[in-house]
Amino acid sequence: MSLEKYKVFNLIEDVKKLKVLFILESPYMNEYIHQHPAAGESALELTQFLMTQGYLKDFDAQLPLGCNIKALNYQPLGILNSSTLPLNKAFYPCALNSEDLAKVNELAAIKQNLNQSNPNKLPVDLKKNGVFKDFVSRLTEVFEQAPADIIIVPCGDTAIGFMDAFETIYQKPLTVLDSLPHPTEPDWVEKIATINLTDYIAPQILP
């Protein structure tokens with residue numbers, strides 16, 4: 001499948017020193033260019049939000065979260081996308097063969113049907129989906145190597161859907177925070193204004 005070249009994988013600098021893992025949605029254009037998650041405008045919003053909350057004091061407030069992690073080899077914070085392939089159909093070239101187009105449509109449907117504001121969404125059984133199975137494999141591998149007390153922070157509807165499904169099949173206890181809104185949501189600023197993340201993650205965990 002020619003879509004393999006568009007995959008972008010996890011961003012974890014040292015899994016044994018990981019303390020907080022953000023679960024995001026999927027790569028888009030900036031992530032494909034940089035070849036790591038959280039390289040675009042929404043990830044810049046995450047940088048600024050976390051710094052305002054008192055974390056990541058050495059990060060550059062003008063760089064996306066993933067770019068800061070790469071630039072500083074920052075080990076306590078990692079990022080894992082629900083899908084290694086973009087879920088946004090607009091990312092892909094318009095000239096795709098029928099097999100790849102079918103796959104792209106399947107990817108787009110996952111996002112559309114996990115979007116809580118979509119009035120036309122359909123029930124999703126992620127457990128039968130290859131994208132979810134890959135997510136389970138990647139996340140389980142992290143848990144097998146990371147400290148037992150890492151904190152999981154889903155961000156947005158897609159990440160919530162994937163984590164909810166994961167928790168139904170994973171047998172060990174997890175610390176999963178209530179989801180953060182996704183920075184692309186139109187009421188992002190209003191929603192984060194009421195969030196005090198330090199109630200759940202001490203600032204010294206992400207210095």
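Assorted remarks:
- Degrees between helix 98-114 axis and first principal axis of the chain (Cα, 0 to 90, nearest 10): 50 degrees
- Relative to the longest principal axis of the Cα atoms of the chain, helix 41-52 runs at roughly 20 degrees.
- Taking 15 Å as the straight-line reach from the Cα of K7, the aspartates and glutamates in range (excluding those fewer than 8 positions away in the same chain) are E25, E31, D100, D134.
- Residues of region 157-173 with amide N under 13 Å of a point placed 7 Å along Cα→Cβ from A148: 172-173
- Cα→Cβ-extended label distance, 7 Å offset, between D100 and Q171, nm: 4.1 nm
- 5 angstrom amide H check on G156, placed H, neighbours 5+ away: L180, H182
- Normalised by the number of residues in the chain, the mean separation of alpha-carbon contacts (under 8 Å, six or more apart) gives a relative contact order of 28 percent.
- Highest GNM mean-square fluctuation among A159, A90, A38, for the chain modelled with Cα contacts below 10 Å: A90.
- Structure note, pairs K127/K172; K19/K89; K133/K172; K16/K103: Cα-Cα distances above 23 angstrom occur for K19/K89; K16/K103.
- All lysines inside 16 Å of K17 as judged from Cα atoms, apart from same-chain residues fewer than 8 positions distant: K70
- With respect to the chain, whose longest principal axis is taken over its alpha-carbon atoms, helix 157-169 is tilted by about 90°.
- Using the Karplus relation 6.51 cos²θ - 1.76 cosθ + 1.60 with θ = phi - 60°, the per-residue 3J(HN,Hα) values for region 58-63 come to 8, 6, 8, 5, 9, 10 Hz, with x marking Gly and Pro.
- Considering only the chain, percent of DSSP beta bridges that pair antiparallel, nearest 5: 10 percent
- Length-normalised contact order of region 112-184 in % [C-alpha pairs under 8 Å, at least 6 apart]: 32 percent
- Within a Gaussian network of the chain (alpha carbon springs, distance under 10 Å), most fluctuating of S98, S179, S82: S98
- Among A146, A61, A193: highest mean-square fluctuation, GNM of the chain, C-alpha pairs under 10 Å: A193
- The H on the amide N of T175, modeled in the peptide plane, is under 5 Å from the matching H of I152, each at least 5 residues off or on a different chain.
- Prolate/oblate/rounded label for region 157-196 (Cα gyration tensor, a/c 1.5): oblate
- Karplus (6.51, -1.76, 1.60) ³J(HN,Hα), θ = phi - 60°, over region 17-23, in Hz, Gly and Pro reported as x: 10, 5, 10, 9, 10, 7, 9
Here, each number is a calculation from the coordinates, and none is a lab measurement. Please read these numbers as outputs of a predicted model, since none were measured by experiment. We place every Cβ from the backbone using ideal geometry, glycine too, and count neighbours over all the protein chains shown.
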